Amino acid sequence: MLYIKKQSPPALVAGEVRKIQRSPEWRRLKGADTRAVRAYFDLLPKEVLRQALSKEQNGLCAYCMKRITGGQSDTRIEHWYPLSLSKEGALDFKNMLGVCYGGEKSDHTKSCVLCCDAQKGEQEIYVDPLSDEQMEKISYHRDGTIYTSPFNAKMEDDINGILHLNGILDKTTGKRLSDTNTEIVKGRRDTYERCSRQFERMAVKKSLTSSNLKGMIEEIENAARRGKELPEFIGVTLYRYKKKSQWLLKHGR
């Protein structure tokens, strides 16, 4: 999971929102009428919305960091604060995230373990990709497990219990019983190991230094700011680079 810096909504979207909000029908509409609220949301130009969300998220799902392209085939529009709980939030671009289908389109002949919005549905969550402070706590174990450091119970409850970003865990032991349909734990584990091999190669070449890693971090962050598409699970890579750089700096390297 990565911090998302929200941009202004596309002009076409902003215009449609203003048109809806000025209408007497919208003003009379009760927020509890979820079907009617969704009907108004469906009037927005979805293709434009998906493309804008995908670009500001560097082509990555807001929750699991799998690839999204902004196309209808792999990108859905998620309301961080549920549409069913907020009439105004239904049209607010700041409340919208681009997410994957969470395994809904995967082969269901095996056990079905959904994640992201597909698992969240209309549940309210605390963990927020728009919070820089929260995203600084996101950490990763070698086995691909995502966790918080320092520990944050609310965030981990959402990560594990609502978004299923660690797959299915045994409620007693915490042991993983199954990855998600989209194999996001495996994806994070593979990325973690690629970084380990990269560090080994750099060490052989005597280039494993804090300054070199700092430059690599800046390169990724600059690409993100420019709206470039980033590799899947890049959050794991950034986490490893930062941790290794801090360790090397502490040891005078």
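The values are calculated or read from the model by the stated rules, or taken from the named source; none is laboratory data. Fair warning: this is a prediction, and the values are worked out from it, not measured in the lab. Here the Cβ positions follow ideal geometry from the backbone for every residue, glycine too, while neighbour counts run over all protein chains shown.
Looking only at region 205-253, residues that are over 21 Å from Gly144 (Cβ atoms), outside any loop (DSSP other than H, G, I, E, B) and basic (Lys, Arg) come to 3 in all. Remark: Glu219 falls outside the filter, which requires a residue to be at pLDDT 95 or above, touching a Gly at 6+ places or on another chain (Cβ under 6 Å) and among the charged types (D, E, K, R). Output the residues belonging to region 81-104 that are under 17 Å from the mean Cα position of the chain (by Cα), surrounded by fewer than 22 Cβ atoms within 10 Å (Cβ to Cβ) and closer than 18 Å to Val37 by Cβ. Tyr81, Pro82, Phe93, Lys94, Asn95, listed by residue number.
If you go through region 1-46 and keep only what is closer than 30 Å to Glu229 by Cβ and of a type in the set (Ser, Thr, Tyr), you end up with Tyr3, Ser8.
Just checking, how many residues over region 32-55 are over 27 Å from the mean Cα position of the chain (by Cα) and either touching a residue at least 40 places away in the same chain (Cβ under 8 Å) or within 30 Å of Ser73 (Cβ to Cβ) (or both)?
Total satisfying the criteria: 1.
Applying the condition of being assigned to a loop (DSSP other than H, G, I, E, B), of a type outside the set (Asp, Glu) and free of Cβ contacts under 8 Å to residues at least 60 places away in the same chain to region 111-143 and asking which residue is farthest from Ile168 (Cα to Cα) yields Lys137. For the residues Arg201, Arg188, Arg142, the requirement of being over 23 Å from Leu114 (Cβ atoms) and either touching a Phe, Trp or Tyr at 6+ places or on another chain (Cβ under 6 Å) or of a type in the set (S, T, N, Q) (or both) singles out Arg142. Residue count for region 7-32 under the criterion of being closer than 15 Å to Leu43 by Cβ and among the charged types (D, E, K, R): the result is 5.
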